[in-house]
Amino acid sequence: LPALLVNPGVPLATRDVFAAFAGSEGSKTAVGTVPREREAAIDFLARYGNDLTQPAIACAPVIIEVLMALRALPAMRLARMSGSGPTCFALFRSPGEAAAAAQRLAAERKEWWVHATIIG
């Protein structure tokens, strides 16, 4: 999966995110098997979120800025926070689209770490 990784450069301890998550209601949906084909995998991931996103945003509000910036990029297929944050990712159809998005976002947000890559 061609992807763009973005980290806003703020510290965020996993223990703080899980502490914020402790009282919230997580997803009860079983995930099952992730498809291996690119389009099916993106469609599958679009049906599921990251239960830690809201607690992480409560700890580091800049995460919502990162997600909004990723969602505004041309050709972006899906944007999510990775793990317990603050790194977020966006998926694209091609490595060229991910590279172009990385170049654009890096020029707009020089204080963020931005890197195009392939996941999987």
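Using only side-chain charges placed at the Cβ, +1 for Lys and Arg and -1 for Asp and Glu, the dipole size of the chain relative to its Cα centre rounds to 180 debye. Derived scalar couplings between HN and Hα for segment 111-120 equal 7, 8, 7, 10, 8, 7, 7, 10, 9, x Hz in order, rounded to whole Hz, by the Karplus curve 6.51 cos²θ - 1.76 cosθ + 1.60 (θ = phi - 60°), x for Gly and Pro. Calculated on the alpha-carbon coordinates, the convex hull of the chain measures out at 98 cubic angstrom per residue. Excluding residue 90 itself, what net charge comes from residues whose Cβ is under 10 Å from its Cβ, given Lys and Arg +1 and Asp and Glu -1? Here the count lands on +2.
The sum of -39500 (n - 2.57) across all DSSP H runs of n ≥ 4, divided by the residue count of the chain, sets its helix-only mean residue ellipticity at 222 nm to -11500 deg cm²/dmol.
Work out the charge dipole of the chain with +1 on the Cβ of Lys and Arg and -1 on the Cβ of Asp and Glu about the Cα centre, then indicate which of 10, 76, 87 is farthest towards its positive end. It is 76, whose Cα lies furthest towards the positive end. What net charge do the residues around residue 2 carry, taking every other residue with its C-beta under 11 Å from that of residue 2, with Lys and Arg at +1 and Asp and Glu at -1? Spelling it out: positives minus negatives among the neighbours equals +2.
Taken one residue at a time, the phi angles of segment 2-17 give Karplus couplings (6.51, -1.76, 1.60, θ = phi - 60°) of x, 9, 10, 9, 9, 10, x, x, 10, x, 8, 7, 4, 4, 5, 5 Hz. Gly and Pro are set to x.
Values quoted throughout were computed directly from the atomic coordinates according to the rules given, and no laboratory measurement underlies them. Note that this is a predicted model, so its numbers are computed, not measured. Cβ sites come from the backbone with ideal geometry, for glycine too, and all protein chains shown count toward neighbours.
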